[in-house]
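Data first, discussion second: the structure below is written as structure tokens.
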Amino acid sequence: MRTVRFGSPSWRAFLASLPRASRPRPALAKAVAAILRDVRKDGDRALVRLTARFDGVRLRPSGLRVRPAELRALSRRADRKLLRGLHEMAERIESFHRRQRDEGFALRLPDGSRIEEVVAPLDSVALYVPGGAGAYPSSVLMNAIPARVAGVPRVQVVTPPRALETSPGLAAALVIAGVTDSVFRVGGAQAVGACAYGTDTVPAVAKIVGPGNAFVVEAKRQVRGTVEIDQEAGPSEVVVLADDTADPGFVAADLLAQAEHGSGDETVVLVTPSGELADEVARLVALGVPSVANVRSARRALARFAAIVRVRDLDQGVAAVNALAPEHAEVLTRDARRVASRLVAAAVFVGPYAPVAVGDYGVGPNHVLPTGGAARHSSPLSVRDFQRRSSRVEMTRRGLARVTEGMVRVAMAEGFRGHAQSLLTRFEGES
């Protein structure tokens, strides 16, 4: 891990080098656009053709849908201990997310008028479930449970054709989450296109959520507007803010856990005023790399997007973390709760017994988080992401009369005589 000093040219260069979802990739965008056009034009035929091309699996349109009985049978192949862990995780996630439900509000004015904010679930959502090395039952629960808690009547799932057979834990997570009726064997950008535009077999939806590879992320970006998406997720990130009270073994373990995600583009940062801690963590990380999953990609992440950021004190450390605005931040300092309250991050883990892994595996809050500095303006996935909000206005005659004069003045100042007249016409002919 390189060492940089906060505010130095090397710090600014490091900050500028970090992955950001907004950076264009023209070749990828062109390839995905072609796939989406094909799906929009040929529907199921395109899905079958593209599945054979990209996944090596030949299907008929009738084979795109996974029957609920088949899904349940696949789920029974999952390890019993895994099933118990997933059930426990689902209960904690649901308990937390039920507290996010919002019923809206209504204000009744003295003149009898009524103004409201109305909250209703989206009518349909698609959950993208990756397969292969990226098959994560935990993410199934994190995406599906908030949608169900929000009351979405139709939650459908798209997943690569071999994913459920090779990862029974995925099938188990779908059954536990109560999402079994509309599961389709199609992955990649073509699955996103099907959910955006609809085919004879795969219905169109209002929103698409869930993780995926670069093709899936780009496809979601391109269909946004036709449908809504969750976010343009990038590689995972952790920033640990630690002082000389931190256990270097804890810090090193948490940095290594983040580096093993597998893309090779993970951001792994220690921010500290302690030179002794910095040296010991660097030594332990180097020693620990062979023990993690995805060793080659972990080494790549540590070489490209890892750093120990030396700061003068914790105030400067807070400034460093907030400049990164990471997906995950850990606070291992004196008075950690107070320090944590000052941080800008999508999820903040406070104290030595709250590693990021406890959030990944469902202590309650959602682990679908904004990346690439987007924590400055975006929030974790929640029940609110599966709801829509609208306004409802019911005015009495007396209520309209009370506000018309001021509204007319503003409308005329803006040059909109028709707006003014639409108000005034209700009172024409009156003395």
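Before moving on, here are some points about what is shown:
- Relative contact order [Cα under 8 Å, 6+ residues apart], the range 76-192, whole percent: 29
- Where the range 245-307 is the region considered: accessible area per residue in Å², 1.4 Å probe: 42
- Anchor residue 81: aspartates and glutamates whose Cα lies under 19 Å away (excluding residues fewer than 8 positions away in-chain): 91, 165, 360
- Accessible area ranking (1.4 Å probe, heavy atoms, ligands and nucleic acids excluded), largest first, for 165, 116, 405, 88: 405, 88, 165, 116.
- Heavy-atom surface of the range 322-413, accessible at 1.4 Å and reported per residue (Å²): 53
- For residue 323, neighbours were defined as the other residues whose beta-carbon sits under 11 Å from its Cβ, and their charges (Lys and Arg +1, Asp and Glu -1) total +2.
- Surface share of carbon and sulfur [accessible, 1.4 angstrom probe, percent] for the range 193-275: 48
- Shape category assigned to the range 231-346 from the gyration tensor of Cα positions, a/c cut at 1.5: oblate
- Gyration tensor (alpha-carbon) shape descriptor, the range 1-152, a/c threshold 1.5: rounded
- A simple count of charges around residue 273, restricted to other residues whose Cβ falls under 10 Å of its Cβ and scoring Lys, Arg +1 and Asp, Glu -1, yields -2.
- Where both bridge residues fall in the chain, DSSP classifies roughly 30% of the beta bridges as antiparallel.
- With Cα atoms defining each centre, the range 162-196 and the range 208-228 are spaced 16 Å apart in the structure.
- Apportionment of accessible area to carbon and sulfur, the range 278-431, percent (1.4 Å): 52
- Cα gyration tensor category, rounded, prolate or oblate, for the range 38-121 with a/c compared to 1.5: oblate
- Between the range 350-369 and the range 32-89, the alpha-carbon center distance in angstrom: 29
- Around residue 353: net Lys/Arg minus Asp/Glu count, Cβ-Cβ under 14 Å: -2
- Computed over protein heavy atoms with a 1.4 angstrom probe, the accessible surface ordering of 419, 367, 97, largest first, is 419, 367, 97.
- The chain, relative contact order in percent, only Cα pairs under 8 angstrom and at least six apart counted: 20
- Between the range 106-149 and the range 270-323, the C-alpha centres lie 36 angstrom from each other.
- Accessible area per residue in Å² at 1.4 Å probe, computed on the range 130-187: 26
- Rounded to the nearest 5, the antiparallel percentage of DSSP beta bridges internal to the range 41-187 is 45%.
- Probe 1.4 Å - accessible area at residue 57, Å² to nearest ten: 30
- Of 372, 249, 210, the one that fluctuates the most in a GNM where the chain has Cα springs shorter than 10 Å: 249
- Residue 368 - accessible surface, heavy atoms, 1.4 Å probe, Å² rounded to 10: 20
- Taking chymotrypsin sites (Phe, Trp or Tyr not before Pro) across the range 1-104, none is in a DSSP loop with at most 13 further Cβ atoms lying within 10 angstrom of its Cβ.
- Note on Cα extents along the principal axes in Å: of the candidates (1) 66, 53, 51; (2) 87, 60, 43; (3) 70, 57, 55, the value calculated from this structure sits at (2).
- Solvent exposure, largest accessible area first (probe 1.4 Å, DNA, RNA and ligands not counted), of 176, 35: 176, 35
- The lysines whose alpha-carbon is closer than 20 Å to the alpha-carbon of residue 220, local same-chain residues fewer than 8 away aside, are 30, 41, 207.
The values are calculated or read from the model by the stated rules, or taken from the named source; none is laboratory data. Quick caveat: nothing in here was measured; it's all calculated off a predicted structure. Glycine gets a Cβ as well: all are built from the backbone with ideal geometry, and neighbour counts include every protein chain shown. Each accessible area value is taken on the protein alone, full model and side chains, heavy atoms only, with ligands, DNA and RNA left out. Shrake-Rupley method; radii C 1.70, N 1.55, O 1.52, S 1.80 Å.
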